[in-house]
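This report refers to the structure that appears directly beneath it.
The values are calculated or read from the model by the stated rules, or taken from the named source; none is laboratory data. Predicted model, so just to flag it, every value in this text is computed and none were measured. FYI the Cβ positions are ideal-geometry reconstructions off the backbone, even for glycines, and counts take in every protein chain you see.
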């Protein structure tokens, strides 16, 4: 590449873990881009090798540390359980690597601030992997809310799905920052903050229907000083629902199947502004 080229540098990614989201979505997405996955690591060397063979990844490791020591790696993707995100993001930053970390970035707000500050001090790029935020449909909804809706007053957002009863599910492990808020409720919260900004106060009611020590159901309110609000909900006990709606004084925007982008589904948004309803 010439010194004056405006082409982005080709990055070689390492993947810390063999989670389903990496297997089904992120690794194929990287492979379809101008970048590449050069290595994968797991605490189980055989699992890492199998994952690498399935995706034609040239190198696999039986420890996360070994991948961070791989000099060919430029950036890492971290799809580990929630409670491990902060630690391994900081360790990747210590190795001088850019980090794409699965949501949520950390187990709580204090750890998230510490992780972001740590990466800033190390001079590495850090990004939280909220794919939906960069989907054209979301970008259009946010654009409508910002430019065509007058005085947005409320956001209502929900992400629920029926979690199976498989044993040892990390989503039900309090030591690994499990729970519906951390797993899927972070999407409604992200959407609400994208549209309305940071709230003045937050309230929540939770339930633990499985005696797991985590929230399996959550209903929350983000409150703003001027009377605006967002209502968010998440859970593991109902049918699959992903939706949000933004209401303003002159109309609304609504999106179904809001936080995923299945390749085999037609993705639309509906909105009404000054009495005119449209679907895009």
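For residue 22, are the conditions met, namely being over 22 Å from the mean Cα position of the chain (by Cα), touching a residue at least 24 places away in the same chain (Cβ under 8 Å) and under 28 Å from residue 179 (Cα atoms)?
Judged against the criteria, residue 22 is not a match.
Of the listed requirements (1) under 27 Å from residue 123 (Cβ atoms); (2) out of contact with any helix residue (DSSP H, G or I) (no Cβ under 6 Å at 6 or more places or on another chain), residue 53 misses just one: (1).
The criterion of at least 1 residues that are under 22 Å from residue 129 (Cβ atoms), at pLDDT 95 or above and outside the structural domain of residue 102 (by TED's automatic domain parsing) is met, among strands (runs of 3 or more DSSP E) falling completely within the stretch 164-251, by 217-223, 229-235, 241-248.
If you go through the stretch 219-234 one residue at a time, do you hit one that is without any contact (Cβ under 8 Å) to a residue 12 or more places away in the chain and farther than 26 Å from residue 82 by Cβ? Yes, there is a match, as at least one residue in the stretch 219-234 is without any contact (Cβ under 8 Å) to a residue 12 or more places away in the chain and farther than 26 Å from residue 82 by Cβ. Restricting attention to the stretch 188-218, the residues that are without any contact (Cβ under 8 Å) to a residue 12 or more places away in the chain and surrounded by 14 or more Cβ atoms within 10 Å (Cβ to Cβ) add up to 1. Can you say whether residue 148 is touching a helix residue (DSSP H, G or I) at 6+ places or on another chain (Cβ under 7 Å), in contact (Cβ under 8 Å) with a residue 60 or more places away in the chain and surrounded by fewer than 16 Cβ atoms within 10 Å (Cβ to Cβ), as far as the supplied structure shows? Considered against the rule, which asks whether it is touching a helix residue (DSSP H, G or I) at 6+ places or on another chain (Cβ under 7 Å), in contact (Cβ under 8 Å) with a residue 60 or more places away in the chain and surrounded by fewer than 16 Cβ atoms within 10 Å (Cβ to Cβ), residue 148 comes out as no.
Here residue 273 passes the criteria (1) in contact (Cβ under 8 Å) with a residue 40 or more places away in the chain; (2) surrounded by fewer than 20 Cβ atoms within 10 Å (Cβ to Cβ); (3) over 18 Å from residue 139 (Cβ atoms) except the one numbered (3).
Considering every residue within the stretch 115-125, establish whether at least one is within 16 Å of the chain's Cα centre (by Cα) and surrounded by fewer than 18 Cβ atoms within 10 Å (Cβ to Cβ). Yes, the stretch 115-125 contains a residue that is within 16 Å of the chain's Cα centre (by Cα) and surrounded by fewer than 18 Cβ atoms within 10 Å (Cβ to Cβ).
Candidates in the stretch 171-187 are the residues that are closer than 30 Å to residue 253 by Cα and out of contact with any helix residue (DSSP H, G or I) (no Cβ under 7 Å at 6 or more places or on another chain); of these, the one that is surrounded by the fewest Cβ atoms within 10 Å (Cβ to Cβ) is 186.
For the stretch 252-275, taking the residues that are part of a strand (DSSP E or B) and within 19 Å of the chain's Cα centre (by Cα), the one that is farthest from residue 172 (Cα to Cα) is identified as 255. Reported count of residues in the stretch 63-84, each being surrounded by fewer than 16 Cβ atoms within 10 Å (Cβ to Cβ) and either at pLDDT below 95 or in contact with a helix residue (DSSP H, G or I) (Cβ under 6 Å, 6 or more places away or on another chain) (or both), is 0. Checked against (1) modelled with pLDDT of 95 or more; (2) within 24 Å of the chain's Cα centre (by Cα), residue 8 passes all but condition (1).
Each residue in the stretch 109-131 was checked for being without any contact (Cβ under 8 Å) to a residue 60 or more places away in the chain and either under 20 Å from residue 187 (Cβ atoms) or in the same structural domain as residue 179 (by TED's automatic domain parsing) (or both), and 8 pass. Of all the criteria given as (1) outside any helix (DSSP H, G or I); (2) surrounded by fewer than 22 Cβ atoms within 10 Å (Cβ to Cβ), the one not satisfied by residue 158 is (2).
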